[in-house]
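The values are calculated or read from the model by the stated rules, or taken from the named source; none is laboratory data. Note that the coordinates shown come from a computational prediction; the quantities given were computed from them, not determined experimentally. Every residue, glycine as well, gets a Cβ built from its backbone with ideal geometry; the counts of neighbours run over all protein chains shown. Areas reflect the complete protein model, heavy atoms only, side chains present, ligands, DNA and RNA absent. Shrake-Rupley method; radii C 1.70, N 1.55, O 1.52, S 1.80 Å.
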Amino acid sequence: MHVLSIPTWVVHITSVVEWIAAIGFIWQFAELSGLQAWKALSFAMLPALVSAMCACTWHFFDNAESLSWLVTLQAAMTVVGNCTVCAAAWWIWRQARLSET
């Protein structure tokens, strides 16, 4: 676990915790507001969470060569996460426009 400094570990771990909290808060917002399209955003954020957890796992094991596949998985989940969040944002926008008419 010596690959990253303590402050860098704090940033990595708190980022994961904050992402989990954001997913939960968005889900609660959808429940309370009745705007169900926001639930899609909660699900769409999961690949990015997996990406962050891949990075933390790889660093935890000192960037072990045997776990280098985590780097590929992290990159893939980042791309998938960016696409799913974009799609969820479009869906929220679309639902808002439909409800205006």
Q: From (1) more than 30 Å from Val3 (Cβ to Cβ); (2) in contact (Cβ under 8 Å) with a residue 24 or more places away in the chain, pick out the condition that doesn't hold for Ser42.
A: (2)
Q: Go through segment 29-45 and give me each residue that's open to solvent by 70 Å² or more (accessible area, probe 1.4 Å) and assigned to a helix (DSSP H, G or I).
A: Phe29, Glu31, Leu32, Trp38, Phe43
Q) Does at least one position in segment 2-9 carry a residue that is in contact with an Asp or Glu (Cβ under 8 Å, 6 or more places away or on another chain) and either exposed (fewer than 11 other Cβ atoms within 10 Å of the Cβ) or polar (S, T, N, Q) (or both)? A) yes
Q.
Tell me the residue from Trp58, Trp19 that is part of a helix (DSSP H, G or I), of a type outside the set (Val, Ile, Thr), open to solvent by 50 Å² or more (accessible area, probe 1.4 Å) and in contact with a Ser or Thr (Cβ under 9 Å, 6 or more places away or on another chain), please.
A. Trp58
**Q.** Given (1) in a helix (DSSP H, G or I); (2) open to solvent by less than 70 Å² (accessible area, probe 1.4 Å); (3) at pLDDT below 95, index of the condition Leu98 fails
**A.** (2)
**Q.** Hey, Leu4 touching a His at 6+ places or on another chain (Cβ under 6 Å) and hydrophobic (A, V, I, L, M, F, W, C) or not
**A.** yes
Q | Subset of segment 61-84 that is among the polar types (S, T, N, Q) and assigned to a loop (DSSP other than H, G, I, E, B) - its residue that is nearest to Leu46 (Cα to Cα) | A | Ser68
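Condition test on Ser42, is it more than 16 Å from the chain's Cα centre (by Cα) and of a type in the set (S, T, N, Q)?
No.
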